[in-house]
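Quick notes on the structure that follows.
The values are calculated or read from the model by the stated rules, or taken from the named source; none is laboratory data. Computed from a predicted model, the values in this text were never measured in an experiment. Cβ: placed from backbone, ideal geometry, glycine included. Neighbour counts: every protein chain shown. With ligands, DNA and RNA removed, areas are computed over all heavy atoms of the protein, side chains included. Shrake-Rupley method; radii C 1.70, N 1.55, O 1.52, S 1.80 Å.
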Amino acid sequence: MPKPTHRNKERVTVQTIADQAGVSIAAVSSVLNNRHVERRISPETVTTIRAVAAQLGYLPNISARRLRSGTSQKNNLVLAFVTSYEAPLSLANHLIMELRQLVGSQGKGMRDLTFSVMVEMFSAGQLKDMPGLLTGDHFNAAIITNTTPEDDQFLARSDLPFPVVLVNRAIPRYSCVVEDPEAGRLVGGALLQGRRRHPAVLHGTPLTQSTRNRVDSFVRAVTRQLGHPPQEIVAASLSESAAYDAMIRFLGSGGRLDALYAVTDSMALGAYHAIKEKRLKIPKDITVVGVGDYDISAFFDPPLSVVGVQRSELGKEASRLLLRQLEQPGLPPLKVEIPVQCVLRASTGL
């Protein structure tokens, strides 16, 4: 069997594999499409072709396959859910379910539409480096969320070649679905019951547009109610471990608080562990409110009180706006604001 000696720096094609393996293009195509049995290609040739393809690092050309199959963009939609590595993926499940239900409830034109959903991820602040984002090579439409201010600036000055809906950030020229920017006001009311006088807000860096709104509205509400702003506990990221580290440092240095607002549920989970490690009790010593990023917040110990929007509502509205753009290109962008809900559980003593 011919053995490739190096990885080709150019894109590996069927022709490349055929040349290396010493077989026809038709044989390579049959093997790569798993049709070698019906084409009666010998097991030895199949093994050779697959070994060469693996050695060269062959990847199928999705765009070319769509062209050869004769499927049109109208009938075959590839939707990308674009989010950062640092953010929770809970919205993705709701988006996929809501999109499927919405498409199925439309008229014949929408029922004829087939689609697949892919999750594309980027490092916070580096959305501009995502392959295919500016060229439209990888997907036909996108819902984008969890961007940083740097990412938002990139989106504001870019013209993406496909329909886009933004979740929890508002940028001119884009349709978007956002939560009520005054969510922090409800948090203040939930946290400060029972004469709590030393509240704090726990957040990561960098702040996104939505988490910035959560922090700012909470600070305003607490300042109006108590006459002084809450303390800010800043973690290195939005992760559970970063929130745990920040809380341990704060409590270990003598920091005093009796009420905590965590701007994501993942941060609330990290804070829970730090509070308990310091032998403090929730809610007796510290009441805690999260946001509702996780469906499992009701199963925290104790169950976590949350203020936020229903994930299903975000998914439903984002899907509706995206399908609106696909069905009627050229319509002006829309902004949908979803009111937040307050769900009080044992973490606030209720």
If a residue must be over 20 Å from F218 (Cα atoms) and modelled with pLDDT of 90 or more, how many such residues does segment 273-319 contain? 21
Name the single residue, out of those in segment 231-282 being under 16 Å from L304 (Cβ atoms) and acidic (D, E), that is least open to solvent (accessible area, probe 1.4 Å). D265
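Matching residues to (1) closer than 20 Å to V343 by Cα; (2) modelled with pLDDT of 90 or more; (3) out of contact with any helix residue (DSSP H, G or I) (no Cβ under 7 Å at 6 or more places or on another chain); (4) among the acidic types (D, E):
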residue	(1), (2), (3), (4)
P172	no, yes, no, no
S175	no, yes, no, no
G184	yes, no, no, no
L192	yes, no, no, no
Q209	no, no, no, no
G227	no, yes, yes, no
Within segment 92-128, of all residues that are in a loop (DSSP other than H, G, I, E, B) and at pLDDT 75 or above, the one most open to solvent (accessible area, probe 1.4 Å) is Q126
Return the residues of segment 185-200 that are assigned to a loop (DSSP other than H, G, I, E, B) and either free of Cβ contacts under 8 Å to residues at least 40 places away in the same chain or among the acidic types (D, E) (or both); say none if nothing qualifies. R195
I want to confirm something. Restricting to segment 44-74 and keeping residues that are open to solvent by less than 60 Å² (accessible area, probe 1.4 Å), among the small types (G, A, S) and at pLDDT 70 or above, which single residue is nearest to T264 (Cα to Cα)? G57
When you scan segment 201-295 for helices (runs of 4 or more DSSP H) that lie fully inside it, which ones turn up with 3 or more residues that are touching a His at 6+ places or on another chain (Cβ under 9 Å)? 209-226, 240-252
Filter pass, P131 being open to solvent by 10 Å² or more (accessible area, probe 1.4 Å), in a loop (DSSP other than H, G, I, E, B) and modelled with pLDDT under 75: no
Residue within segment 247-265 that is within 26 Å of the chain's Cα centre (by Cα), aliphatic (A, V, I, L, M) and more than 25 Å from A124 (Cα to Cα) present: yes
Selection count where residues are in contact with a Leu (Cβ under 8 Å, 6 or more places away or on another chain) and open to solvent by 20 Å² or more (accessible area, probe 1.4 Å), scope segment 312-323: 2
Subset of segment 75-91 that is more than 20 Å from Q126 (Cα to Cα) and in contact with a helix residue (DSSP H, G or I) (Cβ under 9 Å, 6 or more places away or on another chain) - its residue that is modelled with the lowest pLDDT: N76
